């Protein structure tokens, strides 16, 4: 592993972060806001660090190794978090720990917040919160590859380390072209959603904030009461539409552009995801009506929006679902765990993994009944290899064990057990709101420091699907001689 190559790429990422920080800096300058100097400090530090790393580093002349790709991805996310938190801390808006929490929550698309009065923040800082969603949603590395495609073919390791879902299709022949295509779809969705939200009556900056948070399925809203602020079924419907399309595999849209709309209709994972949303909506609507919470139409409205919001891991809130019946809250917890489609901006375990685990379990049962049966597990006409099946099983185990670990730490730190479970599932699934004291209308500001640190790791590992972060924590990863 060549440390100088890693430093060079990290330097490029730091400079890209400095350029991104110029967007809210211009807004702060235009409005004459108090956050101006905080953004200036962040820009200077980012550009200086980038220049320093590039000076000490070495431009890649050959393919990156797997270790280099994993190290760049994990360290890059940590570095961008530490640079992105500077405006919060330098401006005196949050403590250092809270600033890190807020930034990693934005970048990971979680949307959990420690800010009690979001509406009291400068518009530039609110915009930066939303932008962290947008940059982290598709992926810092994917956007970096799309905008700066100078590196060798080894960037596939960076792409794989950051992307979500099973790895059956990650040996893409033209990874740079794929990154550009994904980025193009991402930008197009963002522009269209911004325009639609403006047509719904939102001012430009508010519409942009919601577009960044929606397409990235992040959930940061510029209002303290989230989407409930609008009291508008039309806005909720528009948000739901864009959350749904952002829950699908973005590669599916690229394929649909090339081969036709039938690609979307034939996608098994997306059809199953829509079915999950429909069943969850129907079940919660019935539960809410039986509990005499609302009449049929209002129950359907609230259930549908929260089903889409939670299953997409966006976490927008149209109503305090912590006051809903226990059965409805259980459904929302399951949706947090499952998440959206692989290759989307959503969090959670992913629908394709759930499908594969269910099919594998059914196949094992059939094989127990018929020992000589040769098993074939397929989806979308593709037969899954045993390596892929084992990989999904390993990820399921690690994902579950990490959730147990975060719950243990939170309970040890004094958080109520059911609140801790909700926060663990929510942050690992990049969803945002939990239950109880830290529910839909609450913030995480009251969490003890140790719990905040644990949830920062939970959000980072949930977004990167654990293994890149776990890898760099292993001493053997940094040794010159190993099997990587």
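Selection of first residues in the range 314-326 that are at positive phi and modelled with pLDDT of 95 or more and of second residues that are buried (at least 22 other Cβ atoms within 10 Å of the Cβ) and in a loop (DSSP other than H, G, I, E, B), restricted to Cβ pairs under 9 Å at least 6 apart or on distinct chains, gives an empty result.
Hey, does the range 72-91 have a residue that's in a helix (DSSP H, G or I) and more than 19 Å from residue 105 (Cα to Cα)? Yes, because at least one residue in the range 72-91 is in a helix (DSSP H, G or I) and more than 19 Å from residue 105 (Cα to Cα). Among the residues of the range 442-472, those that are outside any helix (DSSP H, G or I) and modelled with pLDDT of 90 or more comprise 442, 443, 444, 445, 446, 447, 448.
For the range 16-44, the candidate set comprises residues that are surrounded by fewer than 19 Cβ atoms within 10 Å (Cβ to Cβ) and within 26 Å of the chain's Cα centre (by Cα); within that set, the residue that is nearest to residue 79 (Cα to Cα) is 19. In the range 229-252 there is at least one residue that is closer than 19 Å to residue 127 by Cβ and surrounded by fewer than 18 Cβ atoms within 10 Å (Cβ to Cβ). Here is the figure for the range 54-90: residues that are more than 20 Å from residue 470 (Cα to Cα) and either at pLDDT below 95 or surrounded by fewer than 16 Cβ atoms within 10 Å (Cβ to Cβ) (or both) total 10. Inspect the range 329-350 for any residue being more than 19 Å from residue 277 (Cα to Cα) and either surrounded by fewer than 22 Cβ atoms within 10 Å (Cβ to Cβ) or without any contact (Cβ under 8 Å) to a residue 12 or more places away in the chain (or both) and give the result as yes or no. Within the range 329-350, not a single residue is more than 19 Å from residue 277 (Cα to Cα) and either surrounded by fewer than 22 Cβ atoms within 10 Å (Cβ to Cβ) or without any contact (Cβ under 8 Å) to a residue 12 or more places away in the chain (or both). Listed residues 279, 289; which is under 30 Å from residue 377 (Cα atoms) and either assigned to a helix (DSSP H, G or I) or touching a strand residue (DSSP E or B) at 6+ places or on another chain (Cβ under 8 Å) (or both)? That would be 279, the only listed residue that is under 30 Å from residue 377 (Cα atoms) and either assigned to a helix (DSSP H, G or I) or touching a strand residue (DSSP E or B) at 6+ places or on another chain (Cβ under 8 Å) (or both).
Restricting attention to the range 237-249, the residues being more than 14 Å from the chain's Cα centre (by Cα) and under 13 Å from residue 341 (Cα atoms) number 2. Of the helices (runs of 4 or more DSSP H) that lie entirely inside the range 122-227, those containing 2 or more residues that are crowded, with 16+ Cβ neighbours inside 10 Å and modelled with pLDDT of 95 or more span 123-138, 175-199, 204-215.
The values are calculated or read from the model by the stated rules, or taken from the named source; none is laboratory data. Everything numeric here is computed off the predicted structure, so don't read it as measured data. Note: ideal-geometry Cβ built from the backbone for every residue, glycine included; neighbour counts use all protein chains shown.
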